[in-house]
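Participant: Handing you this structure, nothing more for now.
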Amino acid sequence: MITHNVFFNIKNSVSEEAIINAFNSLFKLQNQIPGIIRITGGKCRFHERKGEGYFSHGFSIDFEDGDAYKDFFENTVTIPAKTCIINISVDGIEGMVSFDVGEFVQIANSPNQKYRIRAPRLRLTPPGSIF
């Protein structure tokens with residue numbers, strides 16, 4: 001599994017309705033792209049007030065595997081949803097930060113599923129590759 005995380009600020013001029021529409025267009029991709037497990041997103045809530053002021057909104061997408069992750073970046077059906085998010089974001093794609101957690105790998109080669117350990121590997125995405 002790979003979890004793709006994106007954080008950004010919303011332009012002051014954007015209405016609440018436009019924000020809702022942008023996120024809804026993103027959420028609909030879960031039914032359009034095979035291999036997407038879950039899409040969550042919305043307003044950021046920072047614990048202990050440590051992250052306040054950095055980003056106002058974000059989303060996470062859980063992919064089954066690298067093929068589903070790649071399809072999200074290459075499939076043209078995702079362009080309208082990505083464009084909606086970029087259009088409400090301060091500085092568009094340049095104002096976004098993303099990172100991926102995933103590519104779970106098998107540590108133990110045991111045939112018994114009970115003893116298999118899955119460990120995540122952090123993968124930072126290069127600037128400009130958010131979508």
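Participant: Once R0 is set to 22 Å, what does the formula 1/(1 + (r/R0)^6) return for the Cβ-Cβ distance between Tyr54 and Thr83, expressed as a FRET efficiency to the nearest 0.05?
Facilitator: Details: r = 24 Å, r/R0 = 1.08.
Once rounded, the FRET efficiency stands at 0.40.
Participant: Kindly put Cys44, Cys84 in sequence by how many other C-beta atoms sit within 10 Å of each C-beta, fewest to most.
Facilitator: Numbers: Cys44 15, Cys84 18.
Ordered by Cβ neighbours within 10 Å, fewest first: Cys44, Cys84.
Participant: May I ask you to compute the full-extension gain from Thr76 to Ser25, defined as 0.36 nm times their residue separation minus their alpha-carbon distance, rounded to one decimal in nm? Numbers along the way, then the final one.
Facilitator: Working: separation 51, 0.36 × 51 = 18.36 nm, distance 1.38 nm.
Going from the current span to full extension adds 17.0 nm.
Participant: Once you have the Cα-Cα distance between Thr40 and Ser15, take 0.36 nm times their residue separation minus that, and quote the gain in nm to one decimal. Walk me through the intermediate numbers first.
Facilitator: On the way: separation 25, 0.36 × 25 = 9.00 nm, distance 2.03 nm.
Here the answer is 7.0 nm.
Participant: Let me ask something else about it. Under a Cβ-Cβ cut-off of 13 Å, what is the net charge of the residues other than Val77 that fall near it, where Lys and Arg count +1 and Asp and Glu count -1? Please report the intermediate quantities before stating the final value.
Facilitator: Numbers: positive: Lys28, Lys82; negative: Asp71, Glu74.
Once positives and negatives cancel, what remains is 0.
Participant: Obtain the nm distance between the two label points defined at Phe99 and Asp65 by a simple spin-label model: each point lies 7 Å from its Cα along the Cα-to-C-beta direction.
Facilitator: 2.7 nm
Participant: Additional query: Which order do Met96, Met1 fall in if you start with the one that has the fewest other Cβ atoms within 10 Å?
Facilitator: Values: Met96 21, Met1 18.
Neighbour counts put them in this order, fewest first: Met1, Met96.
Participant: Only loop residues by DSSP count here, and only those with at most 14 other Cβ atoms within 10 Å; note down the trypsin sites (Lys or Arg not before Pro) in region 1-95 that meet that. Provide the component values of the computation, followed by the final result.
Facilitator: Details: sites: Lys11, Lys28, Arg38, Lys43, Arg45, Arg49, Lys50, Lys70, Lys82; in loops: Lys11, Arg45, Lys50.
Counting only loop positions with at most 14 other Cβ atoms within 10 Å, the trypsin sites (Lys or Arg not before Pro) in region 1-95 are Arg45, Lys50.
Participant: Still on this structure, please answer the following. Taking neighbour Cβ counts within 10 Å as the exposure measure, how do His57, His4 sort from fewest upward? Write out the running numbers ahead of the final one.
Facilitator: On the way: His57 19, His4 23.
Going from sparsest to densest Cβ surroundings: His57, His4.
Participant: Let me ask another. Run through region 17-88 and list the chymotrypsin sites (Phe, Trp or Tyr not before Pro) located in a DSSP loop whose Cβ has at most 15 other Cβ atoms within 10 Å. Please list the in-between numbers first.
Facilitator: Numbers: sites: Phe23, Phe27, Phe46, Tyr54, Phe55, Phe59, Phe63, Tyr69, Phe72, Phe73; in loops: Phe46, Tyr54, Phe55.
Taking region 17-88 and a limit of 15 other Cβ atoms within 10 Å, the loop chymotrypsin sites (Phe, Trp or Tyr not before Pro) found are Phe46, Tyr54.
Read-outs: derived from the displayed coordinates by stated rules, not from any lab. Keep in mind it's a predicted model, so treat the numbers as computed, not measured. As a convention, Cβ positions derive from the backbone with ideal geometry for all residues, glycine included, and neighbour counts pool all protein chains shown.
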